[in-house]
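Right, one structure below, let's go through it.
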Ligand SMILES: Cc1cc2nc3c(=O)[nH]c(=O)nc-3n(C[C@H](O)[C@H](O)[C@H](O)COP(=O)(O)OP(=O)(O)OC[C@H]3O[C@@H](n4cnc5c(N)ncnc54)[C@H](O)[C@@H]3O)c2cc1C
């Protein structure tokens, strides 16, 4: 552990540079000093890995169905208020993303015909999970009326009653996160320190006043203060100079992702080890549902150690089927993830195997190459041509529904400490996450954390913040009206 200790002062410190961290930074005013830290390089976050897509409320007629799908997948343990906020905010967030330059698949670019594989209905589908709907390229009449969403293609994943997922090939997370990162990099008031790990928070009189951080190397281990070679942190003298850094801040946002690094088999980056949760627990910050861990049914089976490669659920949404060792289907592939996982495990036990098979043979080759080029290429490198043969798949740890308890403004139980994204638990996902809800949930509630900080501090100014999302989140109020109707009575404090 480094011995030298430096002190830095920021208005807001954000731990994590995934979608939650980046979007909250973009929603804070430009006259404030924002420091973001990440334990690794900026591109090593789960946000970059997201494949399938991001959900959106397509139109008012879809509200009840989207709400019910989210609740059903979550075993009705979801916080209804949070689900409502997420769904109602979804179009505004997508509007922001498009404004930041994110490109989603257009309907005209997709083959318009329906999906032959999805039309072969499995018996379980009679139980309320129809799989035979039109998927990508859906251009029904509602879609035509959908203003902001007009002309986009929608795909579908497990437990969704209809296609409502926007996507960019099979690298939606990379498309969204790299665009957000590029916008943040344009901002002079936001600094990003790579290879800098939070080791604790600073607490004074029961309130959070910042964080303690330490330089780490590429292996995630503490260094003597030198940044890993070739990183942007090399150029940051404030970071280079000391081993331990105290960053005092008026408000702190924990956006440090999931816990997959603690598992042997996970789709997550190994450095995502739930550090914020351990620190929160130490300080008596409320945690929730620590046992709610989602296992993804389909990751590419491998004997090699390390991160497991995800085979996105939207592959099954487009018609891929699961097969046992005799080449027979054994489950409706579009049931919720926990149900499909249980069925695969049962099948593996019956068959005496350590994987089952996933066949994409009923998906047109052209569609595979266009919609899933990343999956196609990766499998090819592992020796499987998905256009010709089935691939071995196995469940692996994927997502954490529990986390640091937060209210609907992403406030934790400690004053001036916020949490957003996978590290937090605002109750949206209940006991099991509906596919493609997590990018959206991370963005919506990261934006709300930033909004709440601004509101509490009196920082809102029209000229620095004017994207569509802000107005929507405040239910149509202008910034001035919003401030006037704020019920906030919390004392505004300066940092310690
Ligand atoms: C393979 C894969 C595919 C997925 N596909 C989808 C999908 O299609 N749709 C969808 O909605 N969701 C998907 N998800 C889930 C989604 O990507 C994540 O839930 C979401 O991106 C989490 O964002 P985040 O900002 O909370 O965390 P992350 O993006 O994981 O970022 C966490 C950040 O915290 C930093 N950090 C961690 N600990 C520390 C520390 N101690 N100090 C400093 N920094 C720290 C990390 O370095 C990183 O920058 C997928 C996830 C995976 C793994």
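No other residue among 24, 47 is surrounded by 24 or more Cβ atoms within 10 Å (Cβ to Cβ) and within 7 Å of the ligand (Cβ to nearest atom) apart from 47. Scanning the range 407-434 for residues that are touching a strand residue (DSSP E or B) at 6+ places or on another chain (Cβ under 7 Å) and part of a loop (DSSP other than H, G, I, E, B), which turns out farthest from residue 293 (Cα to Cα)? The extreme case among them is 416. All of 388, 367 fail the test of being at pLDDT below 95 and away from the ligand (no atom under 16 Å from the Cβ), apart from 367. In the same structural domain as residue 88 (by TED's automatic domain parsing), under 30 Å from residue 360 (Cα atoms) and modelled with pLDDT of 95 or more: is that true of residue 439 in this structure? Yes, satisfied.
Screening residue 380 against (1) in the same structural domain as residue 302 (by TED's automatic domain parsing); (2) at pLDDT 95 or above; (3) crowded, with 17+ Cβ neighbours inside 10 Å leaves a single unmet condition, (3). Those helices (runs of 4 or more DSSP H) of the range 228-320 in which 1 or more residues are in contact with a strand residue (DSSP E or B) (Cβ under 9 Å, 6 or more places away or on another chain), modelled with pLDDT under 95 and assigned by TED's automatic domain parsing to the domain that holds residue 206 occupy 237-240. Here residue 399 clears all of (1) farther than 24 Å from residue 336 by Cα; (2) part of a strand (DSSP E or B); (3) within 12 Å of the ligand (Cβ to nearest atom) except the condition numbered (1).
Check whether at least one residue in the range 63-73 is within 24 Å of residue 266 (Cβ to Cβ), at pLDDT below 95 and touching a helix residue (DSSP H, G or I) at 6+ places or on another chain (Cβ under 8 Å), and report yes or no. Yes, the range 63-73 contains at least one residue that is within 24 Å of residue 266 (Cβ to Cβ), at pLDDT below 95 and touching a helix residue (DSSP H, G or I) at 6+ places or on another chain (Cβ under 8 Å). Apart from one condition, residue 158 fits all of (1) modelled with pLDDT under 95; (2) touching a strand residue (DSSP E or B) at 6+ places or on another chain (Cβ under 9 Å); (3) outside any loop (DSSP other than H, G, I, E, B); the exception is (3). In the range 36-62, of all residues being part of a helix (DSSP H, G or I) and touching a helix residue (DSSP H, G or I) at 6+ places or on another chain (Cβ under 8 Å), the one that is farthest from residue 271 (Cα to Cα) corresponds to 61.
The values are calculated or read from the model by the stated rules, or taken from the named source; none is laboratory data. The model shown is predicted, which means the values in this text are computed figures rather than measured ones. Backbone-built Cβ (ideal geometry, glycine too); neighbour counts: all protein chains shown.
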